[in-house]
């Protein structure tokens, strides 16, 4: 990842409390993200609800096989997930909205593996009204395993992050 023009990219360990609060807000309080995957060799973007695994190593999405983006959620497929602040302030430059892009690989969870129960619990903690979809056979729970992330916290405030930077966000 290259530094932005006019600014510098720093590691997550150098974030101040305000930037750490933004990271927590984006990953634990925001509910919707833009998912980008490859479908039939072409980029496809979609809006998805997401939750974070307890250790922060992956984002969780629960998707129907009927959704077009599910065709891009094969095991080991690349993904990018963009999470941003809500654009509600007319006086704020939209380019200055806090945001984070997570990148990594997809791992579909089998209902039989132990990680499924933990992922389902984390997802339902954030989206309790989604319980019924876990009873539908065409839905799969996916771990979007994070390799790298980049957070923009404002002008010239960019951070390269890794999953260990997300550890303990719930308890901050």
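The values are calculated or read from the model by the stated rules, or taken from the named source; none is laboratory data. Keep in mind the model is a prediction, meaning the values are calculated, not measured. Cβ atoms come from the backbone with ideal geometry, glycine included; neighbour counts cover every protein chain shown.
Descriptive notes on the structure:
- Residue 64, sole failed condition from (1) touching a helix residue (DSSP H, G or I) at 6+ places or on another chain (Cβ under 7 Å); (2) closer than 21 Å to residue 158 by Cβ; (3) modelled with pLDDT of 90 or more: (2)
- Residue among 73, 60, 109 that is within 20 Å of residue 164 (Cβ to Cβ), touching a strand residue (DSSP E or B) at 6+ places or on another chain (Cβ under 7 Å) and buried (at least 16 other Cβ atoms within 10 Å of the Cβ): 60
- Across the stretch 103-112, not a single residue is classified as part of a helix (DSSP H, G or I), within 20 Å of the chain's Cα centre (by Cα) and within 17 Å of residue 35 (Cβ to Cβ).
- Filter pass, residue 82 being surrounded by fewer than 18 Cβ atoms within 10 Å (Cβ to Cβ) and in contact with a strand residue (DSSP E or B) (Cβ under 7 Å, 6 or more places away or on another chain): yes
- Residues of the stretch 67-102 that turn out to be touching a helix residue (DSSP H, G or I) at 6+ places or on another chain (Cβ under 9 Å) and not in a strand (DSSP E or B), as a count: 3
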